[in-house]
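Q: Got a structure here, written out as structure tokens. Questions coming.
We did not get these values from a lab; they are worked out from the coordinates using the rules stated. Every value quoted in this text rests on a predicted model; they were computed, and no experiment measured them. All Cβ positions, even for glycine, are placed from backbone atoms using ideal geometry, and neighbour counts span all protein chains on display.
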Amino acid sequence: MKLTLDDLKERTDRVQVDDIDFDDFRDQPLDPESLRCLRYMHDIEHNTIIYLRDVLVTDAHLDHEITSFLTFWAFEEYFHGEAISRVLEAHGEPGSDARVPVVRRHTLHDRILPISTMLATHVTHQVPTVHMTWGAVNEWTAQAAYGRLAAKAGHPTLTKLLHRIMKQEGRHIDFYASQATRRLEGNRRAQRVTRWALKQFWTPVGAGIKDRVEVRFMARHLFGDPDGRKAAQRIDRCVDRLPGLAGLHLAERSAL
Ligand SMILES: [Fe+2]
Ligand SMILES: [Fe+2]
């Protein structure tokens, strides 16, 4: 499916939570593992704006279609973080206002990333292609992770919320994947650079801001059992369909 800018203008919205009764979580709390996943998901949703910074220092900022999408995308991701914050708060945990300043701190990774993406732009014209492909992989992973969490937690109110978030992630997938396909198709150099970048540097969403123990926990909890393994293989099949990117097995390898 090809999303147009008009589609995005029409359909971008904050995820609807007006009819979600967050008090359900007080009566029927989530298990500790699901809450641990939600803390992670909250933190990465609210880190979207930092990812945006690292994309905008590249030539991607010259492309009106990309910058328009990123505007809508950052807005929707922000409200995914806010919705998850409501779930955490219903469990007596700190919400976004308290969590975000703790997560968003100066790290070597945080200092180096914008500089390295900016420098990469001077070495190759393929950086926007890498970003669009990277974005597609991350959105496929995020959507699958929400689906796995809904299945594992078995909490109807959480499922209702996560399915709404997943629907919006689906639109993000449409944009990134169609951009990646268009840029990779028939362009051997773009395929070579993107394949190399993913193989060398791709890590599961959140690996740059969460510590290794949490990244490992998420991979094992959501993708480590037979159903999770199938979900990881589905992500890899989506990547395989992008021109020149078959056989990377990014998701399945990270779930091992
Ligand atoms: Fe999201
Ligand atoms: Fe998304």
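Q: Where the Cα atoms of the chain are projected onto their three principal axes, how long is each span, largest first, in whole Å?
A: For the chain, the Cα extents along the three principal axes come out at 56, 38, 37 Å.
Q: Among the trypsin sites (Lys or Arg not before Pro) in the range 1-101, which ones are in a DSSP loop with at most 12 other Cβ atoms within 10 Å of the Cβ? Mind listing them?
A: Working: sites: Lys2, Lys9, Arg11, Arg14, Arg26, Arg36, Arg39, Arg53, Arg86, Arg99; in loops: Lys2, Arg14.
Answer by residue number: Lys2.
Q: Using Cβ contacts closer than 10 Å as the measure, can you line up Met118, Met41 from fewest to most?
A: Values: Met118 15, Met41 23.
If I rank by nearby Cβ atoms, fewest first, I get Met118, Met41.
Q: Still on this structure, please answer the following. The range 50-198: Rg/Rh from Cα coordinates, Kirkwood Rh? Walk me through the intermediate numbers first.
A: Working: Rg = 17.2 Å, Rh = 17.0 Å.
In the range 50-198, Rg relative to Rh is 1.01.
Q: Moving on to the next point. Through the Karplus equation 6.51 cos²θ - 1.76 cosθ + 1.60, θ set to phi - 60°, convert the phi angles of the range 139-150 into ³J(HN,Hα) values in whole Hz; use x for Gly and Pro.
A: Result, ordered by residue: 6, 4, 5, 4, 4, 5, 5, 5, x, 5, 5, 4 Hz.
Q: Run the quick spin-label model on Arg229 and Arg253: label points 7 Å from Cα toward the beta carbon, then report their separation in nm to one decimal.
A: 1.8
Q: With only Lys, Arg, Asp and Glu charged, each at its Cβ (+1 for the first two, -1 for the last two), find how big the charge dipole of the range 135-256 is about the Cα centre; round to the nearest 20 debye.
A: The dipole of the range 135-256 has a size of about 220 debye.
Q: Considering the zone a paramagnetic label at His91 would reach in this model (a point 7 Å from Cα along the Cα-to-Cβ line), which residues of the range 159-174 have amide N under 20 Å from it?
A: Label zone hits: 159-166.
Q: Please determine, in degrees from 0 to 90 and to the nearest 10, the orientation of helix 226-240 with respect to the longest principal axis defined by the Cα atoms of the chain, where the helix direction is its Cα long axis.
A: 30
Q: Apply the a/c threshold of 1.5 to the C-alpha gyration tensor of the range 1-128 and tell me whether it is rounded, prolate or oblate. Kindly include the intermediate steps, with their values, before the conclusion.
A: Working: a/c = 3.30, a/b = 1.55, b/c = 2.13.
Oblate.
Q: Same structure, new question: When the convex hull of the C-alpha atoms of the range 146-256 is computed, what volume per residue in Å³ does it have?
A: Details: hull volume 11.8 nm³, N = 111.
Spelled out: Cα convex hull of the range 146-256, divided by residues, is 107 Å³.
Q: Let me ask something else. Pull out the extension gain between His106 and Arg14, defined as 0.36 nm times the separation in residues minus the alpha carbon to alpha carbon distance; nm, one decimal.
A: 30.2 nm
Q: Let me ask you something else. Rounded to the nearest 500, what is the 222 nm mean residue ellipticity of the chain from helices alone, with -39500 (n - 2.57) per DSSP H run of 4+ residues and division by all residues?
A: Numbers: 13 runs with 188 residues, N = 256.
Helices in the chain give a 222 nm mean residue ellipticity of -24000 deg cm²/dmol.
Q: Continuing with this model, one more query. Toward the positive end of the charge dipole of the range 130-256, about the Cα centre and with charges on Cβ (Lys, Arg +1; Asp, Glu -1), which of Gly186, Leu248, Phe223 goes farthest?
A: The residue sitting farthest along the positive end of the dipole is Gly186.
Q: Per 0.36 nm of contour for each residue apart, how much would the distance between Arg36 and Ile50 grow if the chain were fully extended, relative to their Cα-Cα spacing? Numbers along the way, then the final one.
A: Details: separation 14, 0.36 × 14 = 5.04 nm, distance 2.21 nm.
2.8 nm is the gain from fully extending Arg36 to Ile50.
Q: Treat the count of other C-beta atoms within 10 Å as a stand-in for reagent exposure and order Ile235, Ile115, Ile20 from fewest to most.
A: Numbers: Ile235 23, Ile115 11, Ile20 18.
Ascending Cβ contact count within 10 Å gives the list Ile115, Ile20, Ile235.
Q: Also: Suppose every K and R has +1 on its Cβ and every D and E has -1 on its Cβ; what is the size of the dipole of the chain about the Cα centre, in Debye to the nearest 20?
A: In total the dipole reaches around 1280 debye.
Q: Compute the angle between helix 108-123 and the longest alpha-carbon principal axis of the chain, please, reported from 0 to 90 degrees and rounded to the nearest 10.
A: Orientation of helix 108-123: about 30 degrees from the principal axis.
Q: Before anything else, pin down the relative contact order of the chain: Cα pairs under 8 Å, at least 6 apart, normalised by residue count, whole percent.
A: Numbers: 278 pairs, mean separation 59.5, N = 256.
Relative contact order, the chain: 23 percent.
Q: By how many nm would the segment from His163 to Arg189 lengthen if fully extended, with 0.36 nm per residue of separation less the alpha-carbon distance? Please report the intermediate quantities before stating the final value.
A: Values: separation 26, 0.36 × 26 = 9.36 nm, distance 3.76 nm.
Gain on extension, His163 to Arg189, equals 5.6 nm.
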